[in-house]
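Q: This is the structure, below, for whatever I ask next.
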Amino acid sequence: MAIDGYVIKLELPKLKEMIRLLGIANNNINQIARSLNSTGRIYEADIQEIRDRVDGLYDYARKILDSLSKIT
């Protein structure tokens, strides 16, 4: 800062949202794992829900990276 004379403060609401979505996905995976451990069964709908959430997180990550790449 002493050389250039400015500070960049990044507001990253998309990154905060992604962290929130990761927490939700993590909770769902833990619930499914607990159910699997107690019953020995897992449902296709549960697996599909995990896949859908992970795909959504990848899409969100791409948007964040795209936004960051435009910062100059």
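Q: Just to be sure I understand, how many residues within segment 48-72 are touching a helix residue (DSSP H, G or I) at 6+ places or on another chain (Cβ under 8 Å) and either farther than 21 Å from Ile19 by Cβ or of a type outside the set (Phe, Trp, Tyr) (or both)?
A: 10
Q: Which one is modelled with the highest pLDDT among residues in segment 1-47 that are aliphatic (A, V, I, L, M), open to solvent by 70 Å² or more (accessible area, probe 1.4 Å) and outside any helix (DSSP H, G or I)?
A: Here the residue is Ile42.
The values are calculated or read from the model by the stated rules, or taken from the named source; none is laboratory data. Owing to the predicted nature of the structure, the values given are computational and were not obtained by experimental measurement. Every residue, glycine among them, receives a Cβ derived from its backbone with ideal geometry; neighbour counts consider all protein chains shown. For accessibility, only protein heavy atoms count, side chains too; no ligands or nucleic acids. Shrake-Rupley method; radii C 1.70, N 1.55, O 1.52, S 1.80 Å.
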